[in-house]
1. If you go through region 146-165 one residue at a time, do you hit one that is within 14 Å of the ligand (Cβ to nearest atom) and surrounded by fewer than 12 Cβ atoms within 10 Å (Cβ to Cβ)?
2. When residues of region 39-52 are filtered for being more than 9 Å from the ligand (Cβ to nearest atom) and surrounded by fewer than 14 Cβ atoms within 10 Å (Cβ to Cβ), how many remain?
3. Name every residue in region 23-58 that is modelled with pLDDT of 95 or more and farther than 21 Å from residue 9 by Cα, in order of residue number.
4. Using the structure shown, decide if residue 90 is away from the ligand (no atom under 16 Å from the Cβ), open to solvent by 20 Å² or more (accessible area, probe 1.4 Å) and closer than 16 Å to residue 171 by Cα.
5. Of the residues that sit in region 14-23 and are open to solvent by less than 40 Å² (accessible area, probe 1.4 Å) and outside any helix (DSSP H, G or I), which one is farthest from the ligand (Cβ to nearest atom)?
6. Can you run down the residue pairs with Cβ atoms below 8 Å, 6 or more apart or on separate chains, where the first is in region 116-144 and in contact (Cβ under 8 Å) with a residue 40 or more places away in the chain and the partner is of a type in the set (Phe, Trp, Tyr) and within 16 Å of the ligand (Cβ to nearest atom)?
Amino acid sequence: MIFERFKGVFHRLEEVDSTNTYALQLLKNSLPSQGTVVITESQTAGKGQRGNHWKSNTGENLTFSVILLSDIEIKNAYYLSMICALAVHRTLMKYLSGVEIKWPNDILVDGKKIAGILIENQIRGNRITSSVAGIGLNVNQTHFQSELTACSMKTICGKDMDRETIFQEIYTNLDFYFARLTEQNTSLISRRYHDQLYGLDKMLQFEDAGGSFSAIIQGVDEDGKLKLMRDGKIFRYALKELRFSVNL
Ligand code: BTN
(Lines give C-alpha, C1' and ligand atoms only; values in the text may rest on other atoms or scores of the structure.)
Protein backbone atom coordinates (compact mmCIF):
# COMPACT_ATOMS: atom_id res chain seq x y z
CA MET A 1 0.00 0.00 0.00
CA ILE A 2 1.68 3.24 -1.14
CA PHE A 3 0.47 6.56 0.19
CA GLU A 4 1.44 10.02 -0.93
CA ARG A 5 4.03 11.96 1.03
CA PHE A 6 2.94 15.12 2.85
CA LYS A 7 1.79 17.89 0.54
CA GLY A 8 2.61 20.89 2.74
CA VAL A 9 -0.86 22.46 2.92
CA PHE A 10 -1.03 24.67 6.02
CA HIS A 11 -4.04 26.37 7.65
CA ARG A 12 -2.53 29.05 9.90
CA LEU A 13 -5.04 30.45 12.38
CA GLU A 14 -4.62 33.21 14.99
CA GLU A 15 -7.07 31.49 17.34
CA VAL A 16 -9.25 28.40 17.29
CA ASP A 17 -11.03 26.22 19.84
CA SER A 18 -8.83 23.22 19.09
CA THR A 19 -6.69 22.45 16.04
CA ASN A 20 -7.79 18.80 16.33
CA THR A 21 -11.47 19.79 16.21
CA TYR A 22 -10.81 22.10 13.23
CA ALA A 23 -8.91 19.35 11.38
CA LEU A 24 -11.70 16.84 12.07
CA GLN A 25 -14.15 19.34 10.53
CA LEU A 26 -11.91 19.65 7.44
CA LEU A 27 -12.06 15.86 7.08
CA LYS A 28 -15.83 15.90 7.43
CA ASN A 29 -16.51 18.79 5.05
CA SER A 30 -13.77 18.57 2.40
CA LEU A 31 -11.07 16.35 0.94
CA PRO A 32 -7.87 17.56 2.61
CA SER A 33 -4.59 16.41 1.11
CA GLN A 34 -2.08 14.15 2.86
CA GLY A 35 -0.31 15.89 5.73
CA THR A 36 -2.60 18.96 5.83
CA VAL A 37 -1.74 21.01 8.93
CA VAL A 38 -3.87 23.20 11.17
CA ILE A 39 -1.60 25.38 13.31
CA THR A 40 -2.53 28.17 15.68
CA GLU A 41 -1.13 30.74 18.08
CA SER A 42 -3.91 30.17 20.58
CA GLN A 43 -6.41 27.45 21.46
CA THR A 44 -9.47 28.32 23.55
CA ALA A 45 -10.39 24.69 24.17
CA GLY A 46 -7.24 22.65 23.53
CA LYS A 47 -7.87 18.96 24.10
CA GLY A 48 -5.57 16.66 26.06
CA GLN A 49 -5.58 12.97 26.83
CA ARG A 50 -8.07 11.43 29.28
CA GLY A 51 -10.48 14.35 28.61
CA ASN A 52 -8.04 16.93 30.04
CA HIS A 53 -7.68 20.50 28.80
CA TRP A 54 -4.35 21.35 27.07
CA LYS A 55 -3.14 24.74 28.26
CA SER A 56 -0.53 26.67 26.31
CA ASN A 57 0.36 30.40 26.45
CA THR A 58 -0.62 32.37 23.33
CA GLY A 59 2.20 32.74 20.79
CA GLU A 60 4.85 30.97 22.87
CA ASN A 61 4.56 27.30 21.90
CA LEU A 62 3.58 24.98 19.08
CA THR A 63 0.00 23.74 18.89
CA PHE A 64 -0.90 22.01 15.65
CA SER A 65 -2.63 19.02 14.09
CA VAL A 66 -1.66 16.98 11.06
CA ILE A 67 -4.19 15.07 8.93
CA LEU A 68 -3.00 11.53 8.09
CA LEU A 69 -4.92 9.73 5.35
CA SER A 70 -4.43 6.00 5.75
CA ASP A 71 -5.90 2.55 5.57
CA ILE A 72 -4.65 0.88 8.73
CA GLU A 73 -6.23 -2.02 10.61
CA ILE A 74 -7.58 -0.87 13.98
CA LYS A 75 -5.33 -3.41 15.69
CA ASN A 76 -2.35 -1.40 14.40
CA ALA A 77 -3.66 1.96 15.70
CA TYR A 78 -0.89 2.21 18.25
CA TYR A 79 1.74 2.60 15.53
CA LEU A 80 0.24 6.03 14.83
CA SER A 81 1.03 7.03 18.41
CA MET A 82 4.52 5.63 18.08
CA ILE A 83 5.34 7.55 14.87
CA CYS A 84 4.09 10.86 16.28
CA ALA A 85 6.14 10.38 19.44
CA LEU A 86 9.19 9.43 17.38
CA ALA A 87 8.82 12.50 15.12
CA VAL A 88 8.78 14.86 18.12
CA HIS A 89 11.52 12.91 19.88
CA ARG A 90 13.84 12.95 16.87
CA THR A 91 13.37 16.71 16.49
CA LEU A 92 14.05 17.49 20.14
CA MET A 93 17.15 15.26 20.22
CA LYS A 94 18.84 17.81 17.93
CA TYR A 95 18.56 20.47 20.61
CA LEU A 96 18.30 18.70 23.97
CA SER A 97 19.62 15.69 25.83
CA GLY A 98 17.62 13.47 28.18
CA VAL A 99 14.59 13.27 25.84
CA GLU A 100 12.39 10.19 26.37
CA ILE A 101 8.99 8.88 25.32
CA LYS A 102 6.67 8.07 28.20
CA TRP A 103 3.97 5.56 27.37
CA PRO A 104 1.77 6.11 25.53
CA ASN A 105 3.16 9.19 23.81
CA ASP A 106 4.19 11.96 26.20
CA ILE A 107 7.60 13.45 25.57
CA LEU A 108 9.75 14.05 28.63
CA VAL A 109 13.04 15.80 29.19
CA ASP A 110 14.80 14.76 32.38
CA GLY A 111 11.49 13.38 33.61
CA LYS A 112 9.43 16.56 32.96
CA LYS A 113 6.76 16.76 30.27
CA ILE A 114 7.65 18.96 27.29
CA ALA A 115 5.10 17.74 24.72
CA GLY A 116 1.80 15.89 24.48
CA ILE A 117 0.11 14.14 21.59
CA LEU A 118 -3.58 13.46 20.99
CA ILE A 119 -4.60 11.27 18.06
CA GLU A 120 -8.21 11.08 16.92
CA ASN A 121 -9.06 8.42 14.33
CA GLN A 122 -11.82 8.15 11.74
CA ILE A 123 -12.88 4.52 11.42
CA ARG A 124 -14.72 2.52 8.75
CA GLY A 125 -15.39 -1.13 9.58
CA ASN A 126 -12.21 -2.46 11.16
CA ARG A 127 -9.92 0.08 9.48
CA ILE A 128 -8.66 3.55 10.25
CA THR A 129 -9.19 5.67 7.15
CA SER A 130 -7.82 8.94 8.50
CA SER A 131 -6.41 10.41 11.69
CA VAL A 132 -5.79 13.78 13.20
CA ALA A 133 -2.48 13.85 15.05
CA GLY A 134 -2.49 16.79 17.46
CA ILE A 135 0.83 17.91 18.91
CA GLY A 136 1.43 20.42 21.69
CA LEU A 137 5.09 21.29 22.32
CA ASN A 138 6.27 23.74 24.96
CA VAL A 139 8.83 25.91 23.18
CA ASN A 140 9.25 29.37 24.72
CA GLN A 141 6.88 29.27 27.70
CA THR A 142 8.74 29.67 30.99
CA HIS A 143 5.98 29.56 33.63
CA PHE A 144 3.79 26.53 34.20
CA GLN A 145 1.07 25.71 36.69
CA SER A 146 3.08 22.72 37.69
CA GLU A 147 6.76 23.58 37.30
CA LEU A 148 7.84 20.37 38.97
CA THR A 149 6.41 18.26 36.18
CA ALA A 150 6.46 20.52 33.05
CA CYS A 151 9.24 22.15 31.05
CA SER A 152 9.90 23.83 27.70
CA MET A 153 12.80 24.11 25.27
CA LYS A 154 13.47 27.58 26.71
CA THR A 155 13.49 26.48 30.35
CA ILE A 156 16.17 23.95 29.37
CA CYS A 157 18.25 25.88 26.78
CA GLY A 158 17.84 29.26 28.48
CA LYS A 159 17.03 31.08 25.23
CA ASP A 160 14.16 31.64 22.81
CA MET A 161 13.84 29.00 20.12
CA ASP A 162 12.54 29.50 16.57
CA ARG A 163 9.09 27.89 16.54
CA GLU A 164 8.75 27.79 12.74
CA THR A 165 12.03 25.87 12.30
CA ILE A 166 11.06 23.37 14.98
CA PHE A 167 7.60 22.93 13.48
CA GLN A 168 9.10 22.26 10.02
CA GLU A 169 11.45 19.66 11.51
CA ILE A 170 8.66 17.81 13.30
CA TYR A 171 6.62 17.89 10.08
CA THR A 172 9.50 16.43 8.04
CA ASN A 173 10.15 13.75 10.67
CA LEU A 174 6.47 12.82 10.83
CA ASP A 175 6.39 12.53 7.03
CA PHE A 176 9.41 10.19 7.28
CA TYR A 177 7.90 7.94 9.96
CA PHE A 178 4.44 7.92 8.37
CA ALA A 179 6.07 6.66 5.16
CA ARG A 180 7.70 3.85 7.19
CA LEU A 181 4.24 2.96 8.55
CA THR A 182 2.55 2.93 5.17
CA GLU A 183 5.29 0.62 3.86
CA GLN A 184 4.53 -1.54 6.94
CA ASN A 185 8.00 -1.27 8.44
CA THR A 186 6.52 -1.74 11.91
CA SER A 187 9.62 -3.50 13.27
CA LEU A 188 11.73 -0.36 12.73
CA ILE A 189 9.06 1.82 14.35
CA SER A 190 8.67 -0.46 17.36
CA ARG A 191 12.43 -0.84 17.83
CA ARG A 192 13.07 2.91 17.74
CA TYR A 193 10.12 3.57 20.06
CA HIS A 194 11.34 1.06 22.63
CA ASP A 195 14.89 2.48 22.39
CA GLN A 196 13.51 5.75 23.75
CA LEU A 197 10.89 4.41 26.16
CA TYR A 198 10.93 6.01 29.62
CA GLY A 199 11.38 3.49 32.43
CA LEU A 200 12.05 0.45 30.24
CA ASP A 201 13.38 -2.42 32.41
CA LYS A 202 13.13 -0.23 35.51
CA MET A 203 11.12 -0.70 38.70
CA LEU A 204 8.57 2.14 38.95
CA GLN A 205 5.53 2.93 41.07
CA PHE A 206 2.04 2.67 39.48
CA GLU A 207 -1.63 2.85 40.46
CA ASP A 208 -4.48 0.75 39.10
CA ALA A 209 -8.05 0.13 40.32
CA GLY A 210 -6.63 -2.02 43.11
CA GLY A 211 -4.23 0.66 44.44
CA SER A 212 -0.54 1.43 44.30
CA PHE A 213 2.16 -1.10 43.36
CA SER A 214 5.70 -1.41 41.99
CA ALA A 215 6.46 -3.14 38.70
CA ILE A 216 9.05 -3.31 35.95
CA ILE A 217 8.17 -1.97 32.48
CA GLN A 218 8.73 -4.74 29.93
CA GLY A 219 7.59 -2.81 26.85
CA VAL A 220 4.48 -1.98 24.86
CA ASP A 221 2.29 -4.53 23.09
CA GLU A 222 1.33 -4.33 19.41
CA ASP A 223 -2.07 -3.11 20.61
CA GLY A 224 -0.56 -0.33 22.71
CA LYS A 225 -0.92 -1.91 26.14
CA LEU A 226 1.89 -1.37 28.63
CA LYS A 227 3.45 -4.67 29.75
CA LEU A 228 4.43 -4.72 33.41
CA MET A 229 6.23 -7.45 35.34
CA ARG A 230 4.65 -7.64 38.77
CA ASP A 231 5.45 -10.37 41.29
CA GLY A 232 6.97 -12.49 38.52
CA LYS A 233 3.92 -12.25 36.21
CA ILE A 234 3.24 -10.11 33.13
CA PHE A 235 0.23 -7.76 33.27
CA ARG A 236 -1.01 -5.70 30.33
CA TYR A 237 -2.62 -2.31 30.89
CA ALA A 238 -4.64 -0.04 28.60
CA LEU A 239 -4.27 3.73 29.06
CA LYS A 240 -7.40 4.14 31.17
CA GLU A 241 -6.47 1.29 33.51
CA LEU A 242 -3.15 2.62 34.80
CA ARG A 243 -1.40 5.70 36.13
CA PHE A 244 2.25 6.30 36.84
CA SER A 245 2.42 7.30 40.51
CA VAL A 246 4.18 10.60 39.82
CA ASN A 247 1.67 11.91 37.35
CA LEU A 248 2.79 14.24 34.58
C1 BTN B 1 -1.84 15.31 26.26
O2 BTN B 1 -2.76 15.36 27.09
O3 BTN B 1 -0.69 15.09 26.60
C4 BTN B 1 -2.13 15.54 24.81
C5 BTN B 1 -2.08 17.00 24.48
C6 BTN B 1 -2.31 17.31 23.02
C7 BTN B 1 -2.39 18.79 22.77
C8 BTN B 1 -2.43 19.14 21.31
S9 BTN B 1 -2.24 20.89 21.06
C10 BTN B 1 -2.68 20.71 19.38
C11 BTN B 1 -3.78 19.66 19.31
N12 BTN B 1 -5.08 20.28 19.44
C13 BTN B 1 -5.69 19.92 20.57
O14 BTN B 1 -6.81 20.31 20.95
N15 BTN B 1 -4.91 19.07 21.25
C16 BTN B 1 -3.69 18.77 20.55
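1. Scanning region 146-165 turns up at least one residue that is within 14 Å of the ligand (Cβ to nearest atom) and surrounded by fewer than 12 Cβ atoms within 10 Å (Cβ to Cβ).
2. Residues that pass the stated criteria total 2.
3. 44, 45, 46, 47, 48, 53, 54, 55, 56, 57, 58
4. Yes; evaluated as a whole, the condition is true for this residue.
5. 16
6. 116/54; 118/54; 134/64; 135/64; 136/54; 138/144
Yes or no, residue by residue, for (1) within 30 Å of residue 58 (Cβ to Cβ); (2) among the hydroxyl-bearing types (Ser, Thr, Tyr); (3) under 17 Å from the mean Cα position of the chain (by Cα):
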{"position": "157", "(1), (2), (3)": "yes, no, no"}
{"position": "172", "(1), (2), (3)": "yes, yes, yes"}
{"position": "181", "(1), (2), (3)": "no, no, yes"}
{"position": "213", "(1), (2), (3)": "no, no, no"}
{"position": "223", "(1), (2), (3)": "no, no, yes"}
{"position": "234", "(1), (2), (3)": "no, no, no"}
{"position": "237", "(1), (2), (3)": "no, yes, no"}
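Results for (1) open to solvent by 10 Å² or more (accessible area, probe 1.4 Å); (2) free of Cβ contacts under 8 Å to residues at least 40 places away in the same chain; (3) away from the ligand (no atom under 13 Å from the Cβ), shown as yes or no for each residue.
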| site | (1), (2), (3) |
| --- | --- |
| 7 | yes, yes, yes |
| 25 | yes, yes, no |
| 37 | no, no, no |
| 72 | yes, no, yes |
| 100 | yes, no, yes |
| 109 | no, no, yes |
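The values are calculated or read from the model by the stated rules, or taken from the named source; none is laboratory data. All values derive from a computational prediction rather than experimental measurement. Cβ sites come from the backbone with ideal geometry, for glycine too, and all protein chains shown count toward neighbours. For the accessible areas, the whole protein counts, side chains as well, though only heavy atoms, and no ligand, DNA or RNA atoms are used. Shrake-Rupley method; radii C 1.70, N 1.55, O 1.52, S 1.80 Å.
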